[in-house]
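Asks: Okay, handing you the structure first.
The values are calculated or read from the model by the stated rules, or taken from the named source; none is laboratory data. This is a predicted model, so every value here is computed, not measured. Every residue, glycine as well, gets a Cβ built from its backbone with ideal geometry; the counts of neighbours run over all protein chains shown.
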Amino acid sequence: MGRGWKELVLNIGFPILGGGMGGGAVPMAKVVNSITGQDMKQVMSIFVPAVVLGNVFSVIAAALLDRLGKQFTSPSPRCCGGNEVATQRADRAAQMTS
């Protein structure tokens, strides 16, 4: 019943981790096609939905984490940087000591 975990990792995990469509799904489909002889369209029909859903879930997760970070940000800027880049902060500290 269903697919084994190795097949799921190969068909779902690797194309997503490989960098999406151009970096993961298309080159991996070419490799699978050359090794196994499976039709390229059949391989892409497995990889594309996985990559699209992976991208959608990652955007949703990023939005939720952004909202969570803004909601629970410490009032002290030393904990989160206070929207200031670390190098700018170091430059200002160096100017104050000289």
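Asks: Got a number for residues in region 48-72 being of a type outside the set (Gly, Ala, Ser), assigned to a helix (DSSP H, G or I) and modelled with pLDDT under 90? Walk me through how you get there before you give the answer.
Replies: In the first step, residues of region 48-72 are kept if they are of a type outside the set (Gly, Ala, Ser); the result is 48-49, 51-53, 55-57, 59-60, 64-68, 70-72.
Now drop any that are not assigned to a helix (DSSP H, G or I), which leaves 48-49, 51-53, 55-57, 59-60, 64-68, 70-71.
Applying the additional criterion that residues be modelled with pLDDT under 90 yields 65-68, 70-71.
Selection size over region 48-72: 6.
Asks: Moving on to the next point. Out of curiosity, is residue 43 within 16 Å of residue 21 (Cα to Cα), touching a Gly at 6+ places or on another chain (Cβ under 8 Å) and either modelled with pLDDT of 90 or more or not acidic (Asp, Glu) (or both)?
Replies: Considered against the rule, which asks whether it is within 16 Å of residue 21 (Cα to Cα), touching a Gly at 6+ places or on another chain (Cβ under 8 Å) and either modelled with pLDDT of 90 or more or not acidic (Asp, Glu) (or both), residue 43 comes out as no.
Asks: Filtering region 21-44 down to residues that are under 14 Å from residue 10 (Cα atoms) and small (Gly, Ala, Ser), which residue is surrounded by the most Cβ atoms within 10 Å (Cβ to Cβ)?
Replies: Top of the filtered list is 25.
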